[in-house]
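Everything on this sheet refers to the single structure shown next.
The values are calculated or read from the model by the stated rules, or taken from the named source; none is laboratory data. Computed from a predicted model, the values in this text were never measured in an experiment. Every residue, glycine among them, receives a Cβ derived from its backbone with ideal geometry; neighbour counts consider all protein chains shown.
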Amino acid sequence: MAESQAEIATTTAAKGPMSYLSGSLTSGGFCAVAVVITLKLVAYYSAHPPHYSQRFAQSIATALKTLIIGSGCVATFSFGLVSIGLMLLFLQSIFQNDAKPTA
């Protein structure tokens, strides 16, 4: 069992700078999409506030609106942070590869 895990570890290719760059660009694209969707949600809910005669229904509508907009903001922040982190990792891997002497 230990030998097969060691073989798998040695045959698995290491992540390279292009992997970090593609991940960063993908996450940045998702972040841009999340920003657009979140801004459209905010604009929609600003233009169409809930109008209910019962306080309980008004409270539920407001809570749901807050959850939807908050989820959009969390998605935007998460994708943006991942994109920045992967871009920094890409830059670090580029500079570390340049600093290593070749044999």
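A few points about this structure:
- Options A47, A75, A32; residue that is exposed (fewer than 12 other Cβ atoms within 10 Å of the Cβ) and either modelled with pLDDT of 95 or more or of a type in the set (G, A, S) (or both): A47
- Verdict on G16 being modelled with pLDDT of 95 or more, within 30 Å of Q96 (Cα to Cα) and of a type outside the set (K, R): no
- You will find that of L67, L81, the residue that is surrounded by fewer than 11 Cβ atoms within 10 Å (Cβ to Cβ), in a helix (DSSP H, G or I), modelled with pLDDT of 90 or more and within 19 Å of the chain's Cα centre (by Cα) is L67 and no other.
- Within the range 84-95, residues that are surrounded by 13 or more Cβ atoms within 10 Å (Cβ to Cβ) and polar (S, T, N, Q) have Cβ atoms under 9 Å from residues that are at pLDDT below 95 and part of a helix (DSSP H, G or I) in these pairs: S93/P17; S93/Y20, counting only partners at least 6 apart in sequence or on another chain.
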